[in-house]
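Read through the structure below, which is laid out as structure tokens, and then see the notes.
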Amino acid sequence: MFDQSKIKEQFPIFNAPINKDLVFLDSGASAQKPEQVLKAMDNFYRNYYANIHRGVYKLAEKASAAYEEARAAVANFVNAESPHEIIFTRGTTSGLNLLAASLTTNLTPSDEILLTELEHHANLVPWQQAAQKHNLILRFIPVDKNGQLILSDLNKLINSKTKIVSVSGMSNVTGEITNLKTIIKAAHTARVLTIIDASQAAAHVEIDVKELNCDFLAFSGHKIYGPTGIGVLYGKTELLNKLEPFEYGGGMINEVSFENATWANVPDKFEAGTPPIAEVVGLAEAIKFITKIGWRDIQDHENKITTYGLEQLTKINNLRLVGPTDVNKRGAVFSFVVDKIHPHDLASLLDEVNIAVRAGHHCAMPLHAKLGLIATTRASFGLYNTIEDVDALVAGIKRAQVILG
């Protein structure tokens, strides 16, 4: 049974005297960390720290085992066929840069890459730069005036020149949960590779790469209650075997001479240098935390917050909410503008009453431009948030309207 008070108690930041009455609504940028994640990383550093895959002494073997156990945990988390399909990266951005650099080397000028107008810069700029380098063409699945994806012309956008489709699983601005199955099916019908940026989605919806049948998928640990500096890139085995490494150095080689080098097998060939071992340990613990709660209870909580958030925010006079108003099409990420109040001013006034939100373009500047907005205020919810947090947000917005209206 999902006990909200017990969930929140597991996050030390809310128990710190300095953070009394903190309403943290910026999980879309980075989520807070439960005690068990912090303890697991501390235990690693204190009791069995060593570099991995190199030493034959006990500490190194224990650290190596923890690292590979974490890989297996991640594989299970996304329902991958094998732990070898899991590559540890610095984060979603790192994984997407790897794909953009590696997958475009064999494309020919005028080949096309299809994205959406919802994309975070992490799933736009790497493809943009690769397209400029190789004379490729970027195309975009459009959004309507409220920021919702328009899929009606999908079969026209995916054509004989399309080689890659890379889309967000959930918008970090509008909260829209992308209809991935429709996009992936259309892409695979045309024999096009599919990539999912699941950075935002991974904390809100259960991911099953087999059911989705995506070719690649990336997400970050820090958004699913794990540490920063660690991410995951999933890829189908046959595709990873064909990819060239993105970084070179120790740990990813098979043999090296003064003249040449050959690469280790997947996943090692994509993990050059000393990896973020403690962060991998923390990520595994974050997955344990989520798994213990269970996706059914997580989804029930998500739907409750999303439904109530939509009801209350849309009642506020002179507030424009971007994204779907259908609870079944979105998660608990709300971006909005309030007439006559700049988003940064609103965020500052909310901070005065201990409500932490984000203001700006949320690394989705082209989307904001498409919607005719310079910036928005964003409130994004996590497992530790409550209905009362929504009420506090609404009261804070109304207070700001009185002060600045």
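Just a few scattered comments:
- Reported count of residues in the range 250-270, each being at pLDDT below 95 and closer than 26 Å to Ala31 by Cβ, is 0.
- The set of residues in the range 256-285 that are in a helix (DSSP H, G or I) and of a type outside the set (Phe, Trp, Tyr) comprises Asp268, Lys269, Ile277, Ala278, Glu279, Val280, Val281, Gly282, Leu283, Ala284, Glu285.
- Counted residues, the range 352-368 - those being open to solvent by less than 20 Å² (accessible area, probe 1.4 Å) and closer than 12 Å to Leu393 by Cα: 1
- The residues on offer are Leu346, Leu310, and the sole one that is part of a helix (DSSP H, G or I) and open to solvent by 10 Å² or more (accessible area, probe 1.4 Å) is Leu310.
- Val338 falls short of the stated requirement of being open to solvent by 20 Å² or more (accessible area, probe 1.4 Å) and closer than 26 Å to Ile387 by Cβ.
- Residues that are outside any loop (DSSP other than H, G, I, E, B) and of a type in the set (D, E, K, R) were ranked within the range 313-335; the one that is most open to solvent (accessible area, probe 1.4 Å) is Lys329.
- Of all residues making up the range 1-31, the number that are open to solvent by 40 Å² or more (accessible area, probe 1.4 Å), under 29 Å from Ser168 (Cα atoms) and outside any helix (DSSP H, G or I): 1
- Residue within the range 90-102 that is buried (at least 19 other Cβ atoms within 10 Å of the Cβ) and more than 18 Å from the chain's Cα centre (by Cα) present: no
- Scope the range 265-285; condition open to solvent by less than 20 Å² (accessible area, probe 1.4 Å) and either without any contact (Cβ under 8 Å) to a residue 60 or more places away in the chain or over 28 Å from Ala203 (Cα atoms) (or both); matching residues: Lys269
- Members of the range 32-58 that are surrounded by 14 or more Cβ atoms within 10 Å (Cβ to Cβ), at pLDDT 95 or above and either touching a Leu at 6+ places or on another chain (Cβ under 7 Å) or over 30 Å from Trp295 (Cβ atoms) (or both): Tyr48, Tyr49, Ala50, Asn51, Ile52
- Close pairs (7 angstrom Cβ cut-off, 6 or more residues apart or separate chains): over 16 Å from Val333 (Cβ atoms) and free of Cβ contacts under 8 Å to residues at least 40 places away in the same chain in the range 350-361, part of a strand (DSSP E or B) and of a type in the set (Ser, Thr, Tyr) anywhere: none
One line per residue, one yes/no per condition, for (1) closer than 30 Å to Arg378 by Cα; (2) in contact with a Leu (Cβ under 7 Å, 6 or more places away or on another chain); (3) of a type in the set (Gly, Ala, Ser):
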site	(1), (2), (3)
Ser257	no, no, yes
Asn260	no, no, no
Lys269	no, no, no
Thr274	no, no, no
Val280	yes, no, no
Leu283	yes, no, no
Lys304	yes, no, no
Arg320	yes, no, no
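- Looking across the range 70-89, the residues that are within 16 Å of Cys214 (Cα to Cα) and in a strand (DSSP E or B) come down to Ile86, Ile87.
- Lys288 satisfies every condition listed in (1) touching a residue at least 40 places away in the same chain (Cβ under 8 Å); (2) open to solvent by less than 60 Å² (accessible area, probe 1.4 Å) except (2).
- Just one of the numbered conditions (1) within 30 Å of Asn213 (Cβ to Cβ); (2) open to solvent by 40 Å² or more (accessible area, probe 1.4 Å) is not true of Tyr225: (2).
- Cβ-Cβ contacts under 7 Å between residues 6 or more apart (or on different chains), taken from a first residue in the range 377-399 that is in contact (Cβ under 8 Å) with a residue 60 or more places away in the chain to a second residue that is among the basic types (Lys, Arg), are listed as Arg378/Arg358; Tyr384/Lys8.
- Among the residues of the range 117-152, those that are open to solvent by 80 Å² or more (accessible area, probe 1.4 Å) and without any contact (Cβ under 8 Å) to a residue 24 or more places away in the chain comprise Gln132, Ser152.
- Among the candidates Gly282, Gly273, Gly323, residue that is in contact with a strand residue (DSSP E or B) (Cβ under 9 Å, 6 or more places away or on another chain) and at pLDDT 95 or above: Gly323
- Val232 meets the stated requirement of being open to solvent by less than 10 Å² (accessible area, probe 1.4 Å), closer than 19 Å to Asn172 by Cβ, of a type in the set (Val, Ile, Thr) and in contact (Cβ under 8 Å) with a residue 12 or more places away in the chain.
The values are calculated or read from the model by the stated rules, or taken from the named source; none is laboratory data. This one's a predicted model, so the numbers in the text were calculated from it and none came from an experiment. Note that each Cβ is placed from the backbone with ideal geometry, even for glycine, and that neighbours are counted across all protein chains shown. Areas reflect the complete protein model, heavy atoms only, side chains present, ligands, DNA and RNA absent. Shrake-Rupley method; radii C 1.70, N 1.55, O 1.52, S 1.80 Å.
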